[in-house]
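Worksheet: one structure, shown below.
Read-outs throughout are calculated quantities, based only on the coordinates presented, and are distinct from any laboratory measurement. Bear in mind the structure is a predicted one, so any value in this text is a computation, not a measurement. FYI the Cβ positions are ideal-geometry reconstructions off the backbone, even for glycines, and counts take in every protein chain you see.
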Amino acid sequence: MTTTEHIESFKANFQSSARNVRRGLSGRAVLGTLVVLALLFLVGMLPRWHANAALTSAVRDQRPTVSVVTTQRPDGVANLVLPGSTQAIQEAGIYARTNGYVRKWYTDIGTKVEAGQLLAEIETPEIDQELNQARAAAQQAAANSELARATLKRWQEMVEKKVISSQEFDERKSALDARQADLAAAQANVARLEKLQGFQKVVAPFAGIVTARNIDNGALVSAGNGGQNAALFHVAETDTLRIYVTVPQTNARSVTPGQSATISLREIPEKTFDAKVVRTAGALDPASRTLLTELQVANNDGQLFPGMYTEIKFAFPQDPRTLLVPGNAVMVQSDGPKVMTVDAKQTIRTRSVKLGRDLGDKVEILSGLNPAEPLVANPSGSLHEGVEVKVQAQPSKS
């Protein structure tokens, strides 16, 4: 190879090396530029990402908090608790049946009395005087009747002898009939006044306890219970008490005479009393759609008083296929009853359900609800379909 050829080969190699160096420098520059841009992008976007995450967290923290409860299966019987008030099996106000003044009263409130026992005596001077007058009038009528009878007998003898006419005899017979009628009227008046005089003694109509006394010695009393006349006494028979309750229509068919129930009082929390259904009205009240039911409970020991507030608990058999939910979880709306559930994403879902019997604190759900779905207790008006919430579990009560 000549010198010229060596020089040309060196030039070609040098130019190729220069081109390769320029290409390497250009690639590294581009790569460096991209790295710088990426760093600048991250520096600008990271604060925004942090701000968005903080905003999202703050928004989620403002979600409404709801309490959820779980459904239950019936355990064989359903307890229906209804309010009631005790009443005496018999109770009567004792009024005066004659006018006069109270001579003396013998029983006060809380006194146990027997049927026919004397409660008070009333002094009736006007009645006594009227009775004396009526007896005198009855004696006068009796004397007139005897005179008319004797006269008629004599006139009968004369008419047989044809001394007088038959017409005159008939007149005397009519006079005897009139005198006898006068005697009967006088005797009836005497009997009436004797009855009124008998009301001077105020007695108990049945065995029981005196619950009120509204008189004092010397008080003026008037016959009857009209106007401002108050009862002299109130007597109540408390050995057995009656309780009236109104059973809702959903349970009306389950209540029958002879059925047992349990009575409880807040004043005696450690004890319950057994009662029985003795009768029902047999028809629903159209205003309240309830069945009036009477129960009776024995009270020989006197622990219960008339007028006490009680809670009556009925036990009804249940269908094990139904679900029981708290009554405050059900919303009754214009388009039917609904409940609100919370799904796995803590979002509100609305379910239309079919209700069964109302058991007081619980309601039967016949269809429309999955047993595994948690229910919102006491749903507020701000909750609706699709709202995200925070869940606070509420222990279910059996």
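For the stretch 196-354, state the semi-axes of the equivalent ellipsoid (square roots of 5 times the eigenvalues of the alpha-carbon gyration tensor), sorted largest first and rounded to whole angstrom.
Working: eigenvalues 473, 74, 53 Å².
The equivalent ellipsoid of the stretch 196-354 has semi-axes of 49, 19, 16 Å.
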Margin query: Could you tell me the ratio Rg/Rh of the stretch 94-203? Both radii from Cα atoms, Rh via Kirkwood.
Written below: 1.33
Checklist line | the stretch 247-285 and the stretch 342-396: distance between their alpha carbon centers, rounded to Å | finding: 31
Checklist line | Computed label-point distance, nm, for sites residue 370 and residue 154 using a 7 Å Cα→Cβ extension | finding: 11.8
Item checked: the stretch 315-378: Rg to Rh, with Rh as the Kirkwood radius over Cα pairs -> 0.96
Notebook entry, point to check: For the stretch 79-88, in order, what is each residue's ³J(HN,Hα) by Karplus, 6.51 cos²θ - 1.76 cosθ + 1.60 with θ = phi - 60°, in whole Hz (x at glycine and Pro)?
Noted result: 9, 10, 10, 10, x, x, 9, 6, 9, 5
Next item on the list: Check cross-link reach from residue 104 to the aspartates and glutamates: straight Cα distance under 20 Å, and skip same-chain residues fewer than eight apart.
Entry: 114, 121, 123, 126, 128, 216
Notebook entry, point to check: Which links in 313/345; 354/390; 271/390; 271/362 stretch past 31 Å when you go from one Cα to the other?
Noted result: 313/345; 271/390
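Sorted by average packing, counted as other Cβ atoms within 10 angstrom per residue and highest first, what order do 241-249, 332-340 take? Numbers along the way, then the final one.
On the way: 241-249: 19.7, 332-340: 13.1.
Ranking the peptides 241-249, 332-340 by packing returns 241-249, 332-340.
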